[in-house]
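Here is the structure we will look at, set down as C-alpha cells.
The values are calculated or read from the model by the stated rules, or taken from the named source; none is laboratory data. A quick note: this is a predicted structure, and the numbers were derived from the prediction, not measured. Here the Cβ positions follow ideal geometry from the backbone for every residue, glycine too, while neighbour counts run over all protein chains shown. What goes into the accessible areas is simple: the full protein's heavy atoms, side chains included, and nothing from ligands, DNA or RNA. Shrake-Rupley method; radii C 1.70, N 1.55, O 1.52, S 1.80 Å.
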Amino acid sequence: MTEPAPNGTPADPAATSAQGELPEEDGLFEQDVFFEQRGRLGVVTLNRPRAVNALTAGMVAAILEQLTAWADDDTVATVLVQGAGDRGLCAGGDIVAIYRDILAGGDETARFWADEYRMNSLIARFPKPYVAFMDGLVLGGGVGISAHGSLRIVTERTRSGMPETTIGFVPDVGGTLLLSRSPGETGTHAALTGAHLSGADALFLGLADHFVPSGTLEELAAALEHESAEAAVARFAETAPPSELEAQRDWIDACYSADDAEEIVRRLRAAGGEAAAAADTIEAKSPTAVKVTLASLRRSRGLSLDEVLAEEYRVGLHCLGGPDFREGIRAQVVDKDRNPQWRPATLQEVRTEDVERYFAPLGDRELVLWEKESDHA
C-alpha cells in the first residue's frame, strides 16, 4: 500500500498521478506523484518514500503539466508541495537513472533537465501562493521544487543543501542563483562544501521563509484548504533556533571572498579550526566541479532565474560528457566505495580554459525558457 504522507492523508488512488516503476505491493503499483484538490488547495505529494521522493522524468513532466493547469484554475487558490514518508520532501533527482543514461550515451537526462528547469521557472513565477513543506531531507532538485516558491516552510527536521560537488556535478535547478544571493559568502561556502543545512541555516541563506514545527504541518495543511496562505502560515510560524552558519559568517566571508578556489582553500587553512575542516571537505570534492561551481556562482550575480537556468543547463550537459560526474555517481551510489578517482585530481591541475569549456554555448540545444519565449511572442 501507499505509505501515508507525514503532513497529510494519503492521496485518493483515483487522483491524477504519474505511474512509477516501483515494485508491486499488495497487487497495486505505487504512484510516484499524486495531485489532489482539497477545498481551494491544490496538493502535490511526491510519493517515492523509499527513495526519499527523488524526482524522475515522469514526475517532473506530470508536475509541470498540473501546475500549468492550476495556474489558470479559479477554484485553486493555493498550491502545496509535500513529500510522502518520514524521511524528507525530496532528496534530489534520480541520479542512478542519470548514470544509466550516461553509460548508454542517451539524451534522456537532457530532456529531464529541460522539463525540470521549466518547472523551476514556473514555480518562481507562479501566480498563486506556492507553499513548500521543506521537512526532512531537501537536497538538490528538492531545493528546486521548493525554494523558488513564495512560502517556504522549514522545520526542526530540515536538512537541506546542494551537495552536487560530492558527485562531480554543479548546483543546478537555479541553486547557483539562490546561493549567490545569500548573505556575504555563506552561499559560496554551502555550494563548495555541499554541507547539509539546518532549517535555521536555510532561513539565513534565503532558501526558506518560515519555521513551523513538524508536528503541526498537518494542521497547517488543513488550514490552507480554506484560509489565505499568508494568514495560515503566519498563524503557525514560530521563531527558529539560531543558525550555526550565521555564527560562522566572519571567517566564511573572509575566506570565500576570493574568486580563485586555490586561494579560498589557502585562506581556510590559514584560519584554522572550522575553516580548516571546510578546506579538507572542499579538497575531497571533484576539483573540476569545485572550480566550475565557483565560476557559476560568480556568473549568476545580476542574472534572472531563467538566464541562470539556461546557463546551468549548458554546464550540466557538458558535465554529462566529462569524467567526474559519472565517476562521482559510481563512487557514491552505485559501487558505494566512496573513493572517487577525479580527473584532474587536484585544484591546481584544473586550468581556466577547462572551466570555461563548461559554459560554452550549445547551439541548437540551448534551453529556451519562458522569458525568451515571451520575448518572441
Task: Residues of region 97-134 classified as part of a helix (DSSP H, G or I) and either at pLDDT below 95 or among the small types (Gly, Ala, Ser) (or both), total - done: 6
Task: helices (runs of 4 or more DSSP H) fully within region 200-304 counting 2 or more residues that are of a type in the set (Val, Ile, Thr), touching a Leu at 6+ places or on another chain (Cβ under 9 Å) and modelled with pLDDT of 95 or more - done: 261-271, 274-284, 287-300
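Only one residue in Gln66, Gln37 is open to solvent by 10 Å² or more (accessible area, probe 1.4 Å), assigned to a helix (DSSP H, G or I), touching a strand residue (DSSP E or B) at 6+ places or on another chain (Cβ under 9 Å) and not acidic (Asp, Glu). Which one? Break it down stepwise before answering.
Values: Gln37 fails: assigned to a helix (DSSP H, G or I).
Answer to the check: Gln66.
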Open item on the list: Please go through region 151-166 and give me each residue that is in contact (Cβ under 8 Å) with a residue 40 or more places away in the chain, surrounded by 24 or more Cβ atoms within 10 Å (Cβ to Cβ) and farther than 23 Å from Val233 by Cβ, ordered by number.
Closed with: Glu164, Thr165
Open item on the list: If Glu373 satisfies all but one of (1) open to solvent by 70 Å² or more (accessible area, probe 1.4 Å); (2) closer than 19 Å to Trp113 by Cβ; (3) under 23 Å from the mean Cα position of the chain (by Cα); (4) modelled with pLDDT under 95, what's the number of the condition it fails?
Closed with: (3)
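Scanning for something open to solvent by less than 60 Å² (accessible area, probe 1.4 Å) and modelled with pLDDT of 50 or more, does region 8-29 turn up at least one residue? Give the derivation first.
First, pick out the residues of region 8-29 that are open to solvent by less than 60 Å² (accessible area, probe 1.4 Å): 8, 11, 15, 17-18, 20, 22, 25, 27.
When the remaining residues are screened for being modelled with pLDDT of 50 or more, the result is none.
No, region 8-29 contains no residue that is open to solvent by less than 60 Å² (accessible area, probe 1.4 Å) and modelled with pLDDT of 50 or more.
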Task: Selection count, region 230-249, where residues are surrounded by fewer than 16 Cβ atoms within 10 Å (Cβ to Cβ) and under 21 Å from Leu207 (Cβ atoms) - done: 8
Task: Odd one out for Ala190 among (1) outside any helix (DSSP H, G or I); (2) crowded, with 21+ Cβ neighbours inside 10 Å; (3) among the aliphatic types (A, V, I, L, M) - done: (1)
Open item on the list: Step by step: first the residues of region 228-237, then only those that are in contact with a helix residue (DSSP H, G or I) (Cβ under 8 Å, 6 or more places away or on another chain) and not β-branched (Val, Ile, Thr), then the one that is nearest to Val79 (Cα to Cα). Which residue is that?
Closed with: Ala232
Open item on the list: If I ask for residues that are open to solvent by less than 10 Å² (accessible area, probe 1.4 Å) and more than 29 Å from His226 (Cα to Cα), which ones from region 69-97 would you list?
Closed with: Gly92
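Quick check on Leu137: is it of a type in the set (A, V, I, L, M), closer than 26 Å to Leu224 by Cβ, open to solvent by 10 Å² or more (accessible area, probe 1.4 Å) and assigned to a helix (DSSP H, G or I)?
On the way: of a type in the set (A, V, I, L, M): yes; closer than 26 Å to Leu224 by Cβ: yes; open to solvent by 10 Å² or more (accessible area, probe 1.4 Å): yes; assigned to a helix (DSSP H, G or I): no.
Here the answer is no, as Leu137 does not meet what is asked.
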Open item on the list: One residue is enough: does region 287-310 have a residue meeting the conditions surrounded by 15 or more Cβ atoms within 10 Å (Cβ to Cβ), out of contact with any Lys or Arg (no Cβ under 7 Å at 6 or more places or on another chain), basic (Lys, Arg) and farther than 17 Å from Leu192 by Cβ?
Closed with: no
TODO: Could you tell me which of the residues Glu283, Glu246 is in contact (Cβ under 8 Å) with a residue 40 or more places away in the chain, within 22 Å of the chain's Cα centre (by Cα) and under 20 Å from His196 (Cα atoms)?
DONE: Glu246
TODO: For residues that are touching a residue at least 40 places away in the same chain (Cβ under 8 Å) and among the small types (Gly, Ala, Ser), scanning just region 250-276, find the one that is surrounded by the most Cβ atoms within 10 Å (Cβ to Cβ).
DONE: Ala261
TODO: Assess whether Glu225 counts as being more than 21 Å from Gly161 (Cβ to Cβ), among the charged types (D, E, K, R), touching a strand residue (DSSP E or B) at 6+ places or on another chain (Cβ under 8 Å) and crowded, with 16+ Cβ neighbours inside 10 Å.
DONE: yes
